[in-house]
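For reference, the structure is listed below as structure tokens.
The values are calculated or read from the model by the stated rules, or taken from the named source; none is laboratory data. Quick caveat, the model's predicted, so the values are computed rather than measured. As a convention, Cβ positions derive from the backbone with ideal geometry for all residues, glycine included, and neighbour counts pool all protein chains shown. Just the protein is used for accessible areas: all its heavy atoms, side chains included, with ligands, DNA and RNA removed. Shrake-Rupley method; radii C 1.70, N 1.55, O 1.52, S 1.80 Å.
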Amino acid sequence: MQGVEVESPVFQILGFKKIAGQGGNDRYRLNISDGIHSHTFAMLATQLNHMIPEGKLDTNAIIRVDKIVSNSVSERRVLILLELSIIAKGTDVANKIGNPVQWTEQTASLSNNIGTPTRPTTNGTSNTRPASTLTTSYGGGGNSAFYGKSSGAPKSTCIGEMHTGPVVPIRDLNPYNSRCAIRARVTNKSDVRTWSNARGDGKLFNIDILDDSGEIRMTGFNNSVDQFFDTLEIGAVYVFKNFQVKNANPAFNRLPHDYELSMGNDMQIIPCLVDTSSIPTATYNFVDIAKIEDLLKDNLVDVIGICKQRGEVVTFTSRAGKEFTKRDIFLVDKSNREVKIKPTHFIFICL
């Protein structure tokens with residue numbers, strides 16, 4: 001919290017509260033303690049949500065936090081716990097350790113002036129540690145409020161509406177305004193793919209991001225895979241800064257934007273914890289079935305129709321020797337045309 005990095009800090013869970021999110025993306029807010037201070041603005045990363053209903057994470061549990069991000073939101077310090085290990089379950093500890101007081105800038109300064117605080121252990125004894133009681137942007141150093149592991153990365157405390165620089169709509173992105181920021185929702189994230197050629201080996205992943213003006217693809221290579229792949233969540237909203245804008249490659253990118261983005265060496269991805277209801281979760285460009293034949297091959301389209309007929313389930317073997325099953329579907333719409341759909345890469349939404 002005070003700019004001193006603490007390796008794998010240990011906390012006690014004093015309580016938690018479920019926060020309802022959009023589209024069923026609920027979050028858990030935690031009250032954590034290090035035995036000296038408590039902090040009520042800690043958020044569990046969504047990929048760890050299962051630990052609470054499964055009973056793995058309970059009140060009074062002792063945890064070691066292996067990856068943490070600290071952000072300033074509306075003058076409050078919000079911690080996001082990304083990776084953690086359970087040292088002792090709450091049922092084994094049974095009681096609150098120490099007599100912690102609520103963390104504030106003032107109480108932290110007072111604690112630092114008094115002397116070296118202690119960290120709790122499962123038997124109630126204490127181990128000394130550096131003066132700072134809570135780490136900031138673990139793995140990033142300083143007051144950085146973004147995901148990443150490079151200690152030399154730029155520092156920022158902006159988040160969501162608190163971002164002070166220009167936020168550009170996705171539709172207006174071009175190579176001449178790439179030093180700006182965009183605020184967008186992640187709608188898709190690919191698996192990590194690797195390559196090997198005469199120039200060497202590498203790896204990459206893609207995300208599709210969306211705001212109320214359009215959608216664009218962003219690609220991360222090599223170090224960016226290590227920094228951002230595990231922390232980016234589908235459905236979450238982020239502020240993206242320090243990316244590169246280049247012409248879209250239609251051979252690999254079917255989104256309608258003329259450009260695509262690459263994560264730069266000083267890339268910042270800032271989780272947005274303020275109101276994100278203005279950012280859509282999906283966008284559609286519906287086309288009449290009668291007009292599909294006028295579109296270019298491999299174009300992505302959205303269609304609203306009625307299922308007129310469905311074929312039998314057929315099993316077939318691919319050229320790679322893998323066995324698959326398929327069922328053809330026939331749709332009709334108000335243009336009085338019919339189309340056969342082979343269910344491979346599309347999504348059905350029933351209304």
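Here's how it looks for residue 15: its modeled amide H is under 5 Å from those of 31, 60, which are all 5 or more places away or on a different chain. Note on residue 286 and residue 59: their simple-model spin labels are 4.9 nm apart, each label 7 Å out from Cα toward Cβ. Label-to-label distance for residue 192 and residue 274 is 3.4 nm, based on points extended 7 Å past Cα in the beta-carbon direction. Among 190, 196, 277, the order of accessible area from largest down is 196, 277, 190, computed with a 1.4 Å probe on protein heavy atoms. Between residue 104 and residue 296, the FRET efficiency from the beta-carbon distance, with R0 = 45 Å, is close to 0.15. Going by accessible surface with a 1.4 Å probe and the largest first, 231, 315, 104 read 315, 104, 231.
Which of the trypsin sites (Lys or Arg not before Pro) found in the stretch 279-330 are loop residues per DSSP with 16 or fewer other Cβ atoms within 10 Å of their Cβ?
297, 319, 322, 327
The calculated FRET efficiency for residue 315 paired with residue 171, based on their beta-carbon distance and R0 = 35 Å, is about 0.20. Taking θ as phi - 60° and the Karplus parameters 6.51, -1.76 and 1.60, the scalar couplings of the stretch 251-257 work out to 5, 10, 9, 9, 5, x, 5 Hz in sequence order, x denoting glycine and proline.
For the stretch 241-288, the solvent-accessible area works out to 55 Å² per residue, with a probe of 1.4 Å and every protein chain left in place.
So if we plug the beta-carbon distance of residue 233 and residue 328 into 1/(1 + (r/R0)^6) with R0 = 22 Å, what FRET efficiency do we get, rounded to 0.05?
Details: r = 35 Å, r/R0 = 1.57.
Given R0 = 22 Å and the Cβ-Cβ separation, E is 0.05.
Amide H contacts for residue 68 (H built 1.01 Å from N in the peptide plane; partners 5 or more residues away or on another chain; cut-off under 5 Å): 82, 138. Counted residue by residue at 0.36 nm each, then reduced by the alpha carbon distance between them, the extension gain from residue 252 to residue 308 reaches 16.9 nm.
Answer rounded, prolate or oblate for the stretch 9-59, using the Cα gyration tensor with square roots of eigenvalues a ≥ b ≥ c: rounded when a/c is under 1.5, else prolate when a/b is larger than b/c, else oblate. Cα axes put the stretch 9-59 in the prolate bin. In this view, the solvent-accessible surface of residue 284, computed with a 1.4 Å probe and all protein chains in place, comes to about 120 Å².
The order of 195, 103 by accessible area, most exposed first and with a 1.4 Å probe, is 195, 103.
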